[in-house]
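Scroll down for the structure; my scribbles are underneath it.
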Amino acid sequence: MQQMNRLLDIYVALQALFALSWCFSDAEPGPVAGSQSNGDRFKIEGRAIVPGVKTQDWISTARILVEGEEYVGFLKTDGSFAVNDVPSGSYVVEIVSPSFRFDPVRVDITSKGKMRARLVNYIKTSEVIRQPYPLQIRSSGPHMYFMKRETWGWTDFLMNPMVMMMVLPLLIIVLLPKVVNTNDPEMRKEMEQSMNMLNPNPELPDVSEFMTKLFSKGSSKSSGGNKGSRSVAPKRR
Amino acid sequence: MAWLVVRLAISVSLLYAASAVFEDQVGKFDWRQQFIGKVRFALFDTHSQASKKLLVATDKNVFASLNSRTGDLFWRHVDKTGPEGHIDALLMYGQDAVVVVGNGRLLRSWETTVGGLKWETVLDTGSFQAAALVGVQDLVKYVAVLKKSAISLHDLSSGSQIWGENLPDSDSVQYQTIYSGENGLVFVLGIVPNSHIVIVEYKIEDGEIMNKKSVEAAWMSSLESSCAVVSSGILLCVDQITQSLYTLPLQSAEQTEMRQIHLQMLDLEVASGFRPVLTSTQPNPAQPPLSEFFLQLSPDHHILLQFKDGLIALLRDFSPSYLAAFATSGERTVAAVMSPKNDTACSINLFSADTGRKHLDTTIIYHMDPNGGKPNRLYVHAFLKKDDSVGYRVMVQTEDLTLTFLQQPGRVVWMREEALADVVTMEMVDLPFTGTQAELEGEFGKKAAIQDGLLPMVLKRLSSQFILLQAWLAHLWKLFYDARKPRSSVKHEVTIDILSRDEFNLQKMMLMVTASGKLFGIDSKSGTILWKQYLENIQPNSVFKLIVQRTTAHFPHPPQCTLLIKNKDTGLGSLYVFNPIFGKKSQISVPTLPRPVLQTLLLPVIDQDYAKVLLLIDDQYKVTAFPSTKNVLQQLQDTASSIFFYLVDSSQGKLSGFRLRKDLSTELIWEVVIPTEVQKIVAVKGKRANEHVHSQGRVMGDRSVLYKYLNPNLLAVITESTDTHQERSFVGIFLIDGVTGRIVHEAVQRKARGPVHFVHSENWVVYVYWNSKFRRNEFSVLELFEGAELYNSTVFSSLDRPHAPQVLQQSYIFPAPINTLEATLTEKGITSRHLLVGLPSGNILSLPKMFLDPRRPELVSEQSREENLIPYAPEMPIREEWFINYNQTVSRVRGIYTAPSGLESTCLVVAYGLDIYQTRVFPSKQFDVLKDDYDYILISSVLFGLFFATMISKRLAEVKLLNRAWR
């Protein structure tokens, strides 16, 4: 609440800064008795455009809502519209369509019937960024109602850093013995030494061997009894 | 292994995204039904033979085009509610439909194939009287609109006004009808009641008054109901007092008196107390009406008459007959008459209009719904068959707003339940178990275990297991059988008999109460109407309250629902008790309610038949219990001291709390007066009884717990200021304890006005109001906490809470108008809550409650990050992915109903307004079931791959070992 108040204070200050010529009367946009003469009622006009789509494909499901459902208008076959019988005031005009997205526009009508359109800004409510009047509302594309499903593709899988980290050592393991001549006894000795250096703990089980043992035991049921004890402390050859 | 890790990482990252719909889920568990309301005007497009269009205008201010072959909507335009969008007249010519809207304020022309507007013109003010198409030389060019004091003529192609004239002596003469024949003249007929008729002739070209005359008619009080124009400009009127018809040629200058023809001369008599009705037909507006017309003499007596050479001839007498209507195809006009056949069916027959002869083989049998109302409107679509005979289809509208479209010999082509366009209240009831399921449940009953020994129980277990196996095999066989058939031929017919609870209780029975007094039972999975019941004699201003007294959980007792129907003006009410699964009226005796009912209360106390006790409090503060058996009364006496209730009197601004006494009388224990001069009570809401709160508190960033103030008796009272000036108006909210009357908290929103929508749940209240200074909607959230310690953690008592709760509040800007607000509800309350916001655009926004948290910090700190608090932002985001109903918009959404399902993650949602939309939402995603996109193929291929890899590597290792041994 306090935050809200503080923000409101800021906006009041901002308003003062802008020092706008607010010549618009503060007419209540509520329902006015129908007995009023036509002079006090105005017409909001404009045109809605959906690029690349024929008007007859979308106008039958679209409506123009002025300030919620306070005033309702319909689209003509050429995409233009007029909302009749609107008293002076400030309104948010919105084209609602289940298939296309339109940005709302704020339309101000003075008591004399002067119109202007501006961008809707709910935070700085008095800021004026002019829009053309009669309204030209261009759709910003179809609605994006749906979330994208995470799809599983081979490329996603392969380009993953974890996979890369696994594939590279694998390649080294497979390719390195081919490149280096392992039949040379000197070379072999050297490699064994370096391996021992890499693997300082000879008690640690070899993963591949452990796996083979485990699976061979799983298939042969006779040795199933001592499987637990062995797998806890497997020996290295 | 890696990809599993990867997938886990992805799913964790997605957990933070709010629930949304995936494209492949469309229509999987959601459905929408669109309605139009009570039909006021219906016109078949007779422009071309192949046309399927049926244009309708309804009392819900909807103008729509229906496909007459299927009953589906081609397009639909929903105008403003209230008198400003009211459709006064619908005229059709060719491809265009002309509609007069808002008491003659707007004249619109619609292109009916596309559903777009052709033109729209604003008419002068004045109350609308009549509209007619005007033709010149066989061509319809204009439309004339008659107002109370003026007439105007508009061009049909552009809507521009040709001329407009004030009517002479409009302050004394009531002009009511308009007529245009073939001769370039427009006749305006007015009346001075019980004195004379005024006929004014206008020239079509320039609106010049050609002639004006007045004719004595002292007996006449209204033109509209008792007169019609037949033949070439003959005004025909009927009077029930003198039992005679009167005729007057509109054009002749010499005849200044109406000619009287006694009905006795035709051997006819008007039923006493019935106002006779004349129905004529004008197939082409550019030509004069036909000389044949219907005269209705009593509710079930119509006669077809012909006016010829100043004489009236009887063509055919239809007795008994309920409804009669004309229809034209090409040059031929026919009359369809509905007459009773037996108690349950009516027959509709076709007669040629000019002779009254019956067309052979044209009978349509209309079967009346025994649970429905009587037919009251008949619309006929006539067409020429290939052999040049006239064929026809009819649309019947009944009192309970069912539209039935029939063709010969009585096949129902489609049916629409338009009562559902105005749902007042609804409930969801669990479906019952099937026989086998119930039997399995019975096995665990208490009695069974005591009576039987060990062996019979084992046998019972085995036999029930066998029954399950049998059922499963039967299911498999059915699946296999269905799969062999082509998909289109497999009918998914849903009937009550095969409906049973599914394993997650996702399918339920929706009970809908409509304003017209028709009850519906709808399957929530498919939207099929399983039963319907029309309650007759419901006043149009009734209010309804639906109460579930016994759920389906108490087999073999049937579930029981009670509907309280209350007249808004007198407050007198009545109860209707029924079985929600089958829609049958219960035989239980219902207490009569001689006094107005002020409040109802459903107690957790149950009687010996497991029905919850309903208390009804009348205006003398006396309490009636239903059911009121001895058992119940005994229980009530025991618990009376802990039963409290509250009453709201918004006209006096008074809230009062009462306690029940042992003798079922009451005593006043508190009263809160909110002065009506300053503000008025708009709404009062407690919490939902079926709501569960899982966590008692919130864990803070520093690992301490902030306990929620969970008062089940808390009432949220919303007030609005009586002063509506935008500088001085305000919205107030009071949180009042319903037992003690203590005001726990009050807040005022200055420079704000209604309509206020609010949700009261758990320890929070969310409300929306209009900020009249900044012209925007604002959300405000109030959360109540007990603090770091709970006062009494075992039980909450309103009488013993010495510490006032801490109240936190925050407000946000909501960048859209709002129609309705509701919160999701789940079985155990573990799932995070979402707010469902119905927008005027028809979308339903699922807004995470996380965004409405008064603890959202302005500055992000380590602790707030630990708590997952979103930094404060004044404007609430609206994302299109949060629209749970994607493009299936719900027009004029008026209410959203939420119900928990058997799955904790899933909440069932029904939005109703003009349309009905049902779906499921998963506020915290589907954490308790496998997701829709669960990749079975990937998982199984990985498993198989691993298996084969181990097999191969084992073989390779063996070979390697062998080789090594040989070395």
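The values are calculated or read from the model by the stated rules, or taken from the named source; none is laboratory data. All values reported here derive from a predicted model rather than from experimental measurement. Heads up, the Cβs are rebuilt from the backbone with ideal geometry, glycines too, and the neighbour counts pull from every protein chain shown.
General observations
- The set of residues in the stretch B:239-285 that are in contact with a helix residue (DSSP H, G or I) (Cβ under 7 Å, 6 or more places away or on another chain) and on the phi > 0 side of the Ramachandran plot contains only B:GLN243.
- Counting only strands (runs of 3 or more DSSP E) that fall entirely inside the stretch B:696-771 and contain at least 2 residues that are buried (at least 16 other Cβ atoms within 10 Å of the Cβ) and at pLDDT 90 or above, the qualifying elements are B:705-708, B:714-721, B:730-737, B:743-750, B:752-761, B:764-771.
- Count of the stretch B:83-102 residues which are within 26 Å of the chain's Cα centre (by Cα) and either away from every other protein chain (no Cβ under 11 Å) or without any contact (Cβ under 8 Å) to a residue 12 or more places away in the chain (or both): 6
- Within the stretch B:103-120, if we keep just the residues that are at pLDDT 90 or above and more than 8 Å from chain A (Cβ to nearest Cβ), the residue that is nearest to A:LYS43 (Cα to Cα) turns out to be B:LEU107.
- Total residues in the stretch A:100-119 satisfying the condition of being closer than 22 Å to A:ARG63 by Cα and either modelled with pLDDT under 90 or not in a loop (DSSP other than H, G, I, E, B) (or both): the figure is 11.
- A:PHE146 at pLDDT below 90 and under 28 Å from the mean Cα position of the chain (by Cα): yes
- Residue that is farthest from the chain's Cα centre (by Cα) [pool: residues in the stretch B:777-823 that are of a type in the set (Gly, Ala, Ser) and more than 12 Å from chain A (Cβ to nearest Cβ)]: B:ALA788
- Boolean, B:VAL942 is within 12 Å of another protein chain (Cβ to nearest Cβ), over 30 Å from B:VAL705 (Cα atoms), of a type outside the set (D, E, K, R) and buried (at least 18 other Cβ atoms within 10 Å of the Cβ): no
- Given (1) of a type in the set (Asp, Glu); (2) in contact (Cβ under 8 Å) with a residue 24 or more places away in the chain; (3) more than 7 Å from chain B (Cβ to nearest Cβ), number of the condition A:ASP57 does not satisfy: (2)
- If the condition is being crowded, with 21+ Cβ neighbours inside 10 Å and of a type in the set (D, E, K, R), then the stretch B:526-549 contributes only B:LYS532.
- Summed over the stretch B:798-850, residues that are of a type outside the set (S, T, N, Q), over 23 Å from B:LEU903 (Cα atoms) and not in a strand (DSSP E or B) total 14.
- Of the set (1) assigned to a strand (DSSP E or B); (2) facing chain A (nearest Cβ under 10 Å); (3) in contact with a Ser or Thr (Cβ under 6 Å, 6 or more places away or on another chain), all apply to B:PHE63 but (3).
- Among residues of the stretch B:922-937 that are at the interface with chain A (Cβ under 10 Å from one of its Cβ atoms), those with a Cβ under 8 angstrom from a residue that is hydrophobic (A, V, I, L, M, F, W, C) and surrounded by 12 or more Cβ atoms within 10 Å (Cβ to Cβ), sequence gap 6+ or separate chain, pair up as B:ASP932/B:PHE22; B:ASP933/B:PHE22; B:ASP935/A:TRP152.
- Among residues of the stretch A:127-150, those that are at the interface with another protein chain (Cβ under 9 Å from one of its Cβ atoms) and assigned to a loop (DSSP other than H, G, I, E, B), counted: 6
- All strands (runs of 3 or more DSSP E) inside the stretch B:248-352 with 2 or more residues being of a type in the set (S, T, N, Q), closer than 30 Å to B:SER214 by Cβ and touching a residue at least 24 places away in the same chain (Cβ under 8 Å): B:277-280
- Some residue of the stretch B:191-210 being surrounded by fewer than 18 Cβ atoms within 10 Å (Cβ to Cβ) and touching a helix residue (DSSP H, G or I) at 6+ places or on another chain (Cβ under 6 Å): no
- Qualifying residue in the stretch B:851-869 (condition: free of Cβ contacts under 8 Å to residues at least 40 places away in the same chain, under 14 Å from B:VAL837 (Cα atoms), in contact with a Pro (Cβ under 8 Å, 6 or more places away or on another chain) and part of a helix (DSSP H, G or I)): yes
- Residues satisfying the stated conditions in the stretch B:555-613, i.e. aromatic (Phe, Trp, Tyr) and outside any strand (DSSP E or B): B:PHE555, B:PHE582, B:TYR610
- Test for B:THR592: is it at pLDDT below 90 and under 16 Å from B:ILE538 (Cα atoms): no
- Residues located in the stretch A:130-166, provided they are hydroxyl-bearing (Ser, Thr, Tyr), more than 21 Å from B:GLU881 (Cβ to Cβ) and surrounded by 13 or more Cβ atoms within 10 Å (Cβ to Cβ): A:TYR133
- In the stretch A:65-96, the residues that are among the charged types (D, E, K, R), more than 29 Å from the chain's Cα centre (by Cα) and facing chain B (nearest Cβ under 7 Å): A:LYS76, A:ASP85
- Selection of strands (runs of 3 or more DSSP E) fully inside the stretch B:176-243 by the criterion of at least 3 residues being more than 20 Å from B:LYS308 (Cα to Cα) and of a type in the set (D, E, K, R) returns B:209-216.
- Restricting A:ARG101, A:ARG106 to residues that are basic (Lys, Arg), crowded, with 18+ Cβ neighbours inside 10 Å, farther than 30 Å from B:ASP935 by Cα and facing another protein chain (nearest Cβ under 9 Å) narrows the list to A:ARG106.
- Residue that is more than 9 Å from chain A (Cβ to nearest Cβ) and not hydrophobic (A, V, I, L, M, F, W, C), where the choices are B:ARG892, B:ARG955: B:ARG955
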